[in-house]
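See structure below.
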Amino acid sequence: MPAEEALATRTLLTVAELSRKIKSTLEDALRYVWVCGQVSKVTYAQSGHLYFDLKDEVDPAAVITCTMWRPRVMRLKFRVETGMSVLVHGLVTAYPAQGKYQISAEEIEPKGVGALHLKFEQLKEKLSREGLFEAGRKRPLPFLPSTIALVTSPIGAAVQDMIRTILARFPLVRILVYPVRVQGEGAAPEIAAALGHLNLARPDVDVIIAGRGGGSLEDLWAFNEEIVARAIFASRIPVISAVGHETDTTIADFVADVRARTPTDAGNRVVPRWEDLQAALADDGAKLRRALRVHAEMARARLDGFRDSRALRRPEDLVAQHRQRSDELAERLRVGLQSASPDLARRLHDFRQRLIATLPRALAASADRGRALEPRLHAAMNRACDSARARADSLRAGLTALDPKAVLGRGYSITRREDGAIVRDASAVRPGEILTTDLAEGRIRSRVE
């Protein structure tokens, strides 16, 4: 058969036609599949598309190319990296331009670990490398804040627990609730925006508590977002992270200045107990009173010592001591003259005569100095007494300022029931009950209407 006739009986396909048939056959026969393997040669294109190879974990020579388009890449909850073991779900297709088959991936899941957990670990490692978790940059909480901001949901048990705990411990503090969503899409940007707004617009806020009640990893995920972590890191106001239960751990916990085990624990950490402050104030007052007594007794002892000094009581004794010392020296000279050579005796005699001649003047001058010292010593003693009295008055004034009753002098009052219990909540009293209110001056008895 001639070649032309043989050619005429054959079905001829172009390369493009064959590629389309292969593509159609693959897609019709296999459709969507799940494939497991190890990721290699990962490329994130500028367009946002993802390209990688998937190798068989037993036979590394078996490789298939995978592609994931940008809209699906944006929905991934983790970053695909070389070496990961993953499950890929997608459409088996062919790429006619290169004559290769590939998987157009629609879903990618980490093998053996959840996507959220993997994203958590990836972000944790990234922020740790950048220093956001460093203990040295974290600031201590203020001892007694005047205003506390709660960045949380305005409904639910968590915010009520925090408010109730804080006011039970220190009822004079102000609480600002900044309402935000704490789960679901858009919650993380709201939390970050709230932290930024408080730092810019509320200089009166001393500390921020950001948190919510317990839930699943998905429920708590807003506090694992990078935008929230960076907002906490940038805050000039100390931040307490109070997310979930004690066993829950979030990225916010690592970045915050203080991590509370629960929202209630945050309320316990942020303010001291009013009763503890009162007890500490009473203890400090007792210590100050003891210190005042000790200082006063020491000053009194010094004054008694000055008063009982011989130099102050009998200044003439100083003159007598000088006179006695002069007599002793004169006697020693006399004895020395008797045993010395005539020349030395003469010289000693002349010296003795000069000494005898000057001795009355020296004694008189010594007596004058003694008499002149007496008023100066008395003046010094009076100044020491005045100084000690002034220090005692100053310490007494400081003790008065620390007196718990001074708080009442600033306009506060304390209301008690008939059994002596302090009233902190209006719902704790009943109509007709008699109350006693202590003021800075006096006491008022009243009946609840």
Between the stretch 168-199 and the stretch 48-80, the alpha-carbon center distance in angstrom: 39 Å
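Please give the FRET efficiency for residue 58 paired with residue 227, using the beta carbon to beta carbon distance and R0 = 25 Å, rounded to the nearest 0.05.
Efficiency for this residue pair is about 0.05.
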Fraction of the pair-distance distribution of the stretch 217-299 above 16 Å, Cα-Cα pairs, percent: 65 percent
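Expected output is a single nm value to one decimal: the length gained when fully extending between residue 147 and residue 324, i.e. 0.36 nm times separation in residues minus the C-alpha distance. What is it? Could the numbers behind the result be given before it?
On the way: separation 177, 0.36 × 177 = 63.72 nm, distance 7.95 nm.
Here the answer is 55.8 nm.
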Dimensionless Rg over Rh [the stretch 173-275; C-alpha; Kirkwood]: 0.94
Inter-probe distance in nm under a simple model that places probes 7 Å from Cα toward Cβ, at residue 174 and residue 384: 5.4 nm
The stretch 141-196, Cα convex hull volume normalised per residue, Å³: 84 Å³
For residue 95, distant residues with modelled amide H under 5 Å away: 100, 101, 102
Kirkwood-based Rg to Rh ratio, the stretch 410-449, C-alpha trace: 0.96
Label-zone membership for the stretch 52-75, site residue 36, 7 angstrom Cα→C-beta point, backbone N under 20 Å: 53-66
Along each principal axis, Cα extent of the stretch 53-162, largest first, Å: 72, 35, 26
Members of 100/124; 55/119; 138/287 lying beyond 27 Å, as alpha-carbon distances in this model show: 100/124; 138/287
Stretch gain in nm, segment residue 436-residue 104, where the contour uses 0.36 nm per residue and the Cα spacing is subtracted: 111.6 nm
Residues whose placed amide H lies under 5 Å from that of residue 87, excluding near-sequence neighbours: 109, 111
Zone residues, the stretch 269-301, relative to residue 392, backbone N less than 13 Å from point 7 Å out along Cα-to-Cβ: 292-301
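Every number in this text was worked out from the coordinates using simple rules, so none of it is lab data. Everything quoted here is computed from the prediction, not taken from an experiment. Counting neighbours? That spans all protein chains shown, and the Cβs are built from the backbone with ideal geometry, glycine included.
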